[in-house]
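S.K.: Below: one structure in structure tokens.
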Amino acid sequence: MMAEPTTAEIRLVIGEVEQDPSQLLPVLWRLVDRYGWVSPAMMNVVSEVLQRPFAEIYGVASFYQLIPTAPVGPDSVGICMDVTCKMAGSQAVWDALGQTELKNSIHPVACLGHCENAPAAFIENRVVTHITQGSVLRVLGKEPPR
Ligand code: FES
């Protein structure tokens, strides 16, 4: 596992921001973009920089599914299991991927806001729509089974 970044590294990623609560989500996104998740140590630095209570930072970070608060593997696949995606076949994709090497990498997520292109998944920090077993494997650079 990657070592926890130092406070100086975290501050560098965060960059110059106003002490403005509206900067919280952009700051958290920068950290997710760089490290793939936001640790409590990172939240502490954000708390200092934005001069907001740690509980507020943690509350926002833990609310959004797309801001992981624990390390995620490189092959993490968040499959939307909300109503529209289920109706469009996310359960079948889940079941199929559960038979592959990704069986320990898939996890359910709630609506990703792409219902019109269901079923959707969150892979490599982006939303992928109209997913199938094959498309998920292709996005991850793995050959679909023949
Ligand atoms: S229900 Fe899956 S993206 Fe909305």
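The values are calculated or read from the model by the stated rules, or taken from the named source; none is laboratory data. Here the structure is a predicted model, which means the values were calculated and not measured. With ideal geometry, Cβ positions are generated from the backbone for all residues, glycine too; neighbour counts draw on all protein chains shown.
S.K.: I'm trying to understand the selection: among the residues of region 31-46, which are crowded, with 18+ Cβ neighbours inside 10 Å, assigned to a helix (DSSP H, G or I) and not β-branched (Val, Ile, Thr)? Steps first, please.
M.R.: Of all residues in region 31-46, those crowded, with 18+ Cβ neighbours inside 10 Å come to 31-32, 35, 38-39, 42-43, 45-46.
Going one step further and asking which of them are assigned to a helix (DSSP H, G or I), we end up with 31-32, 35, 42-43, 45-46.
Leu31, Tyr35, Met42, Met43 - these are the residues of region 31-46 that are crowded, with 18+ Cβ neighbours inside 10 Å, assigned to a helix (DSSP H, G or I) and not β-branched (Val, Ile, Thr).
S.K.: While we're looking at this one, here's another question. Exactly one condition in (1) at pLDDT 95 or above; (2) in contact with a Leu (Cβ under 7 Å, 6 or more places away or on another chain); (3) more than 16 Å from the ligand (Cβ to nearest atom) is false for Ala120; which is it?
M.R.: (3)
S.K.: Also, quick follow-up: Search region 86-113 for residues being under 28 Å from Arg30 (Cβ atoms) and in contact with a Cys (Cβ under 9 Å, 6 or more places away or on another chain), and hand back the single one that is farthest from the ligand (Cβ to nearest atom).
M.R.: Applying the filter and picking the extreme gives Pro108.
S.K.: Which residue, of Gly73, Gly78, is loosely packed, with under 15 Cβ neighbours inside 10 Å, under 11 Å from the mean Cα position of the chain (by Cα) and of a type outside the set (Lys, Arg)?
M.R.: Numbers: Gly78 fails: loosely packed, with under 15 Cβ neighbours inside 10 Å.
Selected residue: Gly73, the only one of Gly73, Gly78 that is loosely packed, with under 15 Cβ neighbours inside 10 Å, under 11 Å from the mean Cα position of the chain (by Cα) and of a type outside the set (Lys, Arg).
S.K.: If you don't mind, another one. Of the residues that sit in region 49-59 and are surrounded by 13 or more Cβ atoms within 10 Å (Cβ to Cβ) and modelled with pLDDT under 95, which one is farthest from the ligand (Cβ to nearest atom)?
M.R.: Initial filter on region 49-59 (surrounded by 13 or more Cβ atoms within 10 Å (Cβ to Cβ)): 49-50, 52, 54, 56-58.
Subset that is modelled with pLDDT under 95: 49-50, 52.
Numbers: Val49: 32, Leu50: 30, Arg52: 30 Å.
So the residue we want is Val49.
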